[in-house]
Amino acid sequence: MTPIRHNHADADVVLDAARDCVLAVGVRRTTLTDVARRAGVSRMTLYRRWPDVRTLVGDLMTREWIAVAMSVMPEADPGVPTRGRLVGGLVAGVAAFRAHPLFHKILDVDPELLLPYMLDRRGATQDALLGLLTGALAEGHADGSVRPAHPELQARSLLLVIQSFTLSLRTMADEAAPGLGEADFLDELRTLLERTLAP
């Protein structure tokens with residue numbers, strides 16, 4: 001019997017299938033059998049890499065959220081100070097996360113999946129985002145557009161603010177009230193970030 005090798009393409013097929021299952025029925029009603037069937041692989045192939053659905057969904061969330069973060073961060077431009085790129089990317093990131101169908105489904109149907117990453121521990125996605133933020137802040141310190149401070153402290157503080165806006169904005173926004181719509185809060189977030197990062 002030929003051993004099964006897990007390459008990046010194989011993993012993406014399984015993660016795509018997992019995403020489709022979660023979007024259809026939520027995490028609690030998704031099974032590895034469902035995912036295997038949709039991906040066209042055996043259950044044993046999945047079990048070798050993912051012992052349960054939560055582990056698989058954790059990898060799926062990491063892939064999806066990092067892709068969102070990478071898609072909204074503007075490329076370096078010598079004519080644009082780092083602070084402007086960073087603030088614009090973070091505000092766009094909050095909007096993109098909140099519009100992401102998988103994020104919506106988990107927040108609406110399985111919000112308890114997110115609680116450990118808010119209350120108990122950092123996940124792979126948060127560590128990856130902290131790496132991106134720390135690098136961008138170091139660039140901002142170097143070009144003088146970001147207030148000098150401990151870069152990891154700044155990065156972690158920014159992530160706390162961004163997580164709050166991403167997860168809790170719908171509890172504060174009121175589209176029926178002038179000046180309190182989601183877009184107004186994103187404008188306020190931009191102001192908060194600009195002021196906290198300005199030298």
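The residue among LEU15, LEU46, GLY26 whose Cα reaches farthest toward the positive pole of the charge dipole of the chain, with charges on the beta-carbon of Lys, Arg, Asp and Glu, is LEU46. Taking the Cα centre of the range 58-197 as origin and assigning +1 to Lys and Arg Cβ atoms and -1 to Asp and Glu Cβ atoms, the resulting dipole is close to 300 debye.
The overall shape of the range 58-197, judged from the alpha-carbon gyration tensor, is oblate: a/c is not under 1.5, and a/b is no greater than b/c.
For the residues LEU137, LEU107, LEU180, a GNM of the chain with alpha-carbon springs under 10 Å puts the largest fluctuation on LEU180.
Residue-wise HN-Hα couplings along the range 102-109, as the Karplus relation 6.51 cos²θ - 1.76 cosθ + 1.60 with θ = phi - 60° gives them from phi, are 5, 4, 4, 5, 5, 5, 7, 10 Hz; Gly and Pro carry x.
Within the range 106-199, the GluC sites (Glu not before Pro) that combine a DSSP coil assignment with at most 12 other C-beta atoms in a 10 angstrom radius are GLU175.
One Cα centroid belongs to the range 17-39, the other to the range 71-101; the line between them spans 31 Å.
Looking at ALA92, HIS150, VAL109, which one has the Cα that reaches farthest to the positive end of the dipole of the chain (charges on Cβ: Lys, Arg +1; Asp, Glu -1)? It is VAL109.
Coordinate-derived values only; no laboratory data. Keep in mind the model is a prediction, meaning the values are calculated, not measured. Cβ atoms come from the backbone with ideal geometry, glycine included; neighbour counts cover every protein chain shown.
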